[in-house]
Amino acid sequence: MTVKADIDFQKDLFEAANKMRGSVAPADYKHYVLPLIFLRYLSNKYEQRRKELEQIVKDPSSDWYTEDDEMRQVIITDPDQYKAENVFVVPEEASWSYIMKNAKQPNIKEILDNAMKRLEEENPELEGILPRIYQGSNLPPENVAGLIEIFSRDVFSANTDDSVDILGRTYEYFISSFAASEGNRGGEFFTPSSIVKLLVAMLEPKSGIVFDPACGSGGMFIQSEEYAPNKHALSFYGQENVVTTVRLGKMNVLLHGINAEIRLGDSLLNDQFPDLKADYVIANPPFNQKDWGADRLSKKDPRLIGPVTNSNANYMWIQHFLYHLNDTGTAGFVMANGAMTTNVKEEKEVRQKLVDEGYIDCIVQLPEKLFFTTGIPCCLFFLSKNRDGKNGYRARKNEILFIDARKMGTLVSRKQKALSKEEIDKIAAVYRAYKYEGAEGYEDVVGFCKVATIEEVQANDYKLTPGIYVGTEVSDEDDIPFEEKMAELTQRLLEQFEESNRLQEKIKMDLEELM
C-alpha cells in the first residue's frame, strides 16, 4: 500500500487558492477560504433537494403529486421539505449561482457578507458559524473573485452526483494544508490523519456518546462516524477554546453530514459539559501547557483524583478525560512522551493513582515526526473503566498493555511521517486481542508489545515508557524532548531549593534553642 501524506491531495487546487492570498497572513487566510467551500456545499445540497422536489410534485405515484402549479411552488419552496432531509434553506442571494454571477462586481465582499447573514436568518442553527468578515478584510475584490472561480469548477457542480462528497474532502484537505503551512500553530486545530485513524481503530466507537474536549476542526468525530458500522449511531459532543476554530469544526462536521454539539470555552477552567458521561473520549489536547490557570481551579473540583500543577496541564487533561467516562467508557488520547515518566510531584502522584487503581489500559509509543514541522515524539494513552471482565471484555485490571511503535511510520515528506493502514491495523489488532474475552492471537513480542502487571510497573517507579517493558535497547530518556526534560529538571531543582531553605530554617532554629 502507498502511504500518503495529509498534504498530498488536490494540491493544485490548494496552490491556486493560495495564490489569491495576497497580503493576508497564512494563519488568517483559512477563515476566508473555508467558509466559501461551506457556502458552496450548502448551495449544492439545497439545489439538489430542490430538483428532487421538482420531480416529486410531477410524479403521479408520489404523495406530493399535484397538477396545480401554484401548489407545486408552495411545496417546492416549503422550508420544512428541506429541513426534513437535513438540508439548510439557501435564499437566492446566498446561492452559489448568484455569487458566481456577481463574482466580478466591485462589491463582491459585501455580497458575501450579506450571503452569510441571510443564511443565518433563514437557518438559526447556523448562527455564529458563518463569519461576516470579507468586507472588512484586506483581500482585494479580484482575489475574492479568483477564489469563487476556483470553487465554481465543474467538479463542484451541483449537477455532479458526488459533488457534496468532493466538497467535504476538499474542505478537509484544505484544513490539513493550512495546518501544514502554519507549522506548530496548525496542530492547534488539526491532528494528522494517521494518528486519528489509529485512535479510532483502537477505540472502535460503534454506538453511544463520543466526547472530544479539545475538538479542533472535528477530525475525530468524522473518523469515528466513518468507522461506526451504523450511521448516526453515535452522538458527538465537543469543546474548543478558540472561536474561529469552533466555526471550522462546526462547518467540517456539517459538511460530512454529522450533527455535533460543539461549545466554546476552556475545557479545563470552564467545562461546558459538567454532567456529560461518555462511552468514548477521544482527543489530542495541547501538549505541555504552562500557566494554564491551576490556581483558579477549586480544590473540590469533581474531576480531580489528585493534585495539579500550573507548570504543565497534561495531567489535568488526563483527569478531565477520566472524569467524563461513563462506568464502561474508554478514553484514547495523544500525550507528550514526558507524561509517561515525569517526576514532577503532582503529576507523578496522579500517574501512580491511575496505575494503582487500574485505569490505565494501554500505552502506545509513536514514531517521531507524525506532526507537521515538529519532531516532538508523542504517545497514546488509553484509560478504561471497563477492565473488570464484563460486557465481553477480559478481566485485565492488574495489567497494562505496552506497545512500542517507534520503528513504524514512513516519511511522506521531508518533515512528516505517517503510519500505513497495515501498521494501524497491526497495532489495533494487538489491542483487540488483549482486551476481548475469548480473543485469540495475543502474545508478547520482544521489542514491540508486552502485557505487564501492575506490580512490574510499580517496580519500575510507575514509569509507563513501553521500551522499558517490551525489551527495546533504545534509551527511553533520550526520547524526552529537551524542553520537557528542562521543565522537569527545573521543577525538581525548585523543589530542592525549597527543601534546602526549610532545612536551613530548621537548623537555625535548633541552634537558637541550644544557645
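May I ask you to list the residues in the stretch 393-421 that are surrounded by fewer than 20 Cβ atoms within 10 Å (Cβ to Cβ), farther than 15 Å from Y434 by Cβ and either in contact with a Gly (Cβ under 7 Å, 6 or more places away or on another chain) or without any contact (Cβ under 8 Å) to a residue 24 or more places away in the chain (or both)?
Once the filter is applied, which keeps residues that are surrounded by fewer than 20 Cβ atoms within 10 Å (Cβ to Cβ), farther than 15 Å from Y434 by Cβ and either in contact with a Gly (Cβ under 7 Å, 6 or more places away or on another chain) or without any contact (Cβ under 8 Å) to a residue 24 or more places away in the chain (or both), the stretch 393-421 yields only R414.
Among (1) within 22 Å of the chain's Cα centre (by Cα); (2) open to solvent by 20 Å² or more (accessible area, probe 1.4 Å), there is one condition F382 misses while meeting the rest; what is its number?
Looking at each condition in turn, F382 falls short on (2).
Based on what the data block shows, is M71 out of contact with any helix residue (DSSP H, G or I) (no Cβ under 6 Å at 6 or more places or on another chain), open to solvent by 70 Å² or more (accessible area, probe 1.4 Å) and more than 21 Å from S157 (Cβ to Cβ)?
yes
Given (1) in contact with an Asp or Glu (Cβ under 9 Å, 6 or more places away or on another chain); (2) outside any helix (DSSP H, G or I), where does A339 come up short, assuming only one miss?
(2)
Can you tell me which condition T160 does not meet? The list is (1) open to solvent by less than 10 Å² (accessible area, probe 1.4 Å); (2) modelled with pLDDT under 90, and all the others hold.
So T160 meets the others, but not (1).
Residue by residue through the stretch 58-89, note down the ones that are without any contact (Cβ under 8 Å) to a residue 24 or more places away in the chain, part of a loop (DSSP other than H, G, I, E, B) and not polar (S, T, N, Q).
Passing the criteria: K58, D59, P60, D63, W64, Y65, E67, D68, D78, A84.
For the subset of the stretch 306-321 comprising residues that are open to solvent by 10 Å² or more (accessible area, probe 1.4 Å) and not in a loop (DSSP other than H, G, I, E, B), which member is nearest to M220 (Cα to Cα)?
My answer is W317.
Could you check the stretch 361-379 and list, in sequence order, the residues that are open to solvent by less than 10 Å² (accessible area, probe 1.4 Å), outside any loop (DSSP other than H, G, I, E, B) and not hydrophobic (A, V, I, L, M, F, W, C)?
D361, Q365 - these are the residues of the stretch 361-379 that are open to solvent by less than 10 Å² (accessible area, probe 1.4 Å), outside any loop (DSSP other than H, G, I, E, B) and not hydrophobic (A, V, I, L, M, F, W, C).
What number goes with the only condition from (1) more than 20 Å from the chain's Cα centre (by Cα); (2) of a type in the set (S, T, Y); (3) at pLDDT below 90 that S97 does not pass?
With (1) more than 20 Å from the chain's Cα centre (by Cα); (2) of a type in the set (S, T, Y); (3) at pLDDT below 90 applied to S97, the lone miss is (3).
For the list (1) touching a residue at least 60 places away in the same chain (Cβ under 8 Å); (2) open to solvent by less than 50 Å² (accessible area, probe 1.4 Å); (3) of a type in the set (D, E, K, R), I need the number of the one condition that R169 fails.
Result: R169 passes all but (2).
Only one of (1) more than 22 Å from R263 (Cβ to Cβ); (2) open to solvent by 40 Å² or more (accessible area, probe 1.4 Å); (3) at pLDDT below 90 fails for S177. Which number is that?
That leaves (2) as the condition not met.
Given the criterion within 19 Å of K197 (Cβ to Cβ), of a type in the set (K, R) and in contact with a strand residue (DSSP E or B) (Cβ under 9 Å, 6 or more places away or on another chain), identify the matching residue among K417, K345, K385.
K417 is the lone residue from the list that is within 19 Å of K197 (Cβ to Cβ), of a type in the set (K, R) and in contact with a strand residue (DSSP E or B) (Cβ under 9 Å, 6 or more places away or on another chain).
Of the numbered conditions (1) assigned to a helix (DSSP H, G or I); (2) open to solvent by 70 Å² or more (accessible area, probe 1.4 Å); (3) modelled with pLDDT under 90, T2 satisfies every one except a single condition; which is it?
(1)
Inside the stretch 243-267, can you point out the residues that are open to solvent by 30 Å² or more (accessible area, probe 1.4 Å) and either touching a helix residue (DSSP H, G or I) at 6+ places or on another chain (Cβ under 7 Å) or of a type in the set (G, A, S) (or both)?
T244, H256, G257, L264
Which count do you get for residues in the stretch 193-207 that are open to solvent by 20 Å² or more (accessible area, probe 1.4 Å) and more than 13 Å from the chain's Cα centre (by Cα)?
Number satisfying all stated conditions: 2.
Evaluate the following for I222: is it open to solvent by less than 10 Å² (accessible area, probe 1.4 Å), modelled with pLDDT of 85 or more and out of contact with any Leu (no Cβ under 8 Å at 6 or more places or on another chain)?
yes
Select, from L264, L276, L248, L268, the only residue that is within 30 Å of P377 (Cβ to Cβ), at pLDDT 95 or above and of a type in the set (A, V, I, L, M).
L268
What's the number of the only condition in (1) open to solvent by less than 20 Å² (accessible area, probe 1.4 Å); (2) at positive phi that F211 fails to meet?
(2)
Please go through (1) open to solvent by 10 Å² or more (accessible area, probe 1.4 Å); (2) assigned to a strand (DSSP E or B) for K390 and return the number of the only condition it doesn't satisfy.
Looking at each condition in turn, K390 falls short on (2).
Quickly run through the stretch 129-172 and pick out the residues that are part of a loop (DSSP other than H, G, I, E, B) and farther than 23 Å from T244 by Cβ.
Selection gives S152, R153, S157, A158, N159, T160, D161, D162.
If you take just the strands (runs of 3 or more DSSP E) that sit entirely in the stretch 194-305, which of them hold at least 1 residues that are among the polar types (S, T, N, Q)?
Counting at least 1 such residues, we get 234-240.
The values are calculated or read from the model by the stated rules, or taken from the named source; none is laboratory data. Small disclaimer: the values here were computed from a predicted structure and weren't measured. Positions of Cβ are generated from backbone atoms using ideal geometry, with glycine treated the same way; all protein chains shown enter the neighbour counts. Ligands, DNA and RNA are stripped out before the accessible areas are found, and what is left, the full protein with its side chains, is counted by its heavy atoms. Shrake-Rupley method; radii C 1.70, N 1.55, O 1.52, S 1.80 Å.
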